[in-house]
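K.L.:
Sharing a structure with you now.
The values are calculated or read from the model by the stated rules, or taken from the named source; none is laboratory data. Since this is a predicted model, take the numbers as computed values, not measurements. When we count neighbours, we look across all protein chains shown, and the Cβ atoms used for this are built from the backbone with ideal geometry, even at glycine. For accessibility, only protein heavy atoms count, side chains too; no ligands or nucleic acids. Shrake-Rupley method; radii C 1.70, N 1.55, O 1.52, S 1.80 Å.
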Amino acid sequence: MNIELELLKDSDGYETLAFSFWKKNLKTINDKKKVVSMIHHLYHMCCVESAMEIEDLDEVLKDIGYSKVGFMVDMNTSSQNYSLHTYNANKKI
């Protein structure tokens, strides 16, 4: 399974690391572990712990209709809140 890294602009206009993958290639538990690990890395880059598990990923992905899914963590600098965003990686944000 391939994971693509890219730099995107967050809500404050700063570049942040994001990643994407094709949902059809998410076939095994190891593939899901890779995605969960990447989500942990995104949070750790912001010095925040992540509690994402494979079951959580399954819950998130079942409601997403995109064929290519992207994830990024956004921090609101005024409130210091972090949030995980999904995006359609087939379209430019």
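K.L.:
If you filter region 3-93 for trypsin sites (Lys or Arg not before Pro), then keep DSSP loop positions with at most 16 other Cβ within 10 Å, what is left?
P.N.:
Of the trypsin sites (Lys or Arg not before Pro), the ones in loops of region 3-93 whose Cβ has at most 16 other Cβ atoms within 10 Å are K27, K91, K92.
K.L.:
Roughly how many Å² is the accessible area per residue of the chain, as a whole number, for a 1.4 Å probe?
P.N.:
64
K.L.:
Based on a Kirkwood Rh over C-alpha pairs, give the Stokes-Einstein translational diffusion coefficient of the chain at 10 °C and viscosity 1.306 mPa s in µm²/s.
P.N.:
Working: Rh = 13.6 Å.
Rounded, D is 117 µm²/s.
K.L.:
Would you mind computing, in nm to one decimal, how far apart the modelled labels at D58 and Y82 are, each placed 7 Å from Cα along Cα→Cβ?
P.N.:
2.5
K.L.:
For the chain, with all protein chains present and a 1.4 Å probe, just round the carbon and sulfur fraction of the accessible area to a whole percent.
P.N.:
Carbon with sulfur: 49 percent of the solvent-accessible area.
K.L.:
Roughly what angle does helix 29-45 make with the longest principal axis of the chain, taking Cα atoms, 0 to 90 degrees, to the nearest 10?
P.N.:
10
K.L.:
Per residue of the chain, what 222 nm ellipticity follows from adding -39500 (n - 2.57) for every DSSP H run with n ≥ 4, rounded to the nearest 500?
P.N.:
Taken over the chain, the calculation gives -9000 deg cm²/dmol.
K.L.:
I'd like the FRET efficiency for H44 and K23, computed as 1/(1 + (r/R0)^6) with the beta carbon distance as r and R0 of 25 Å, rounded to 0.05.
P.N.:
It comes out at approximately 0.55.
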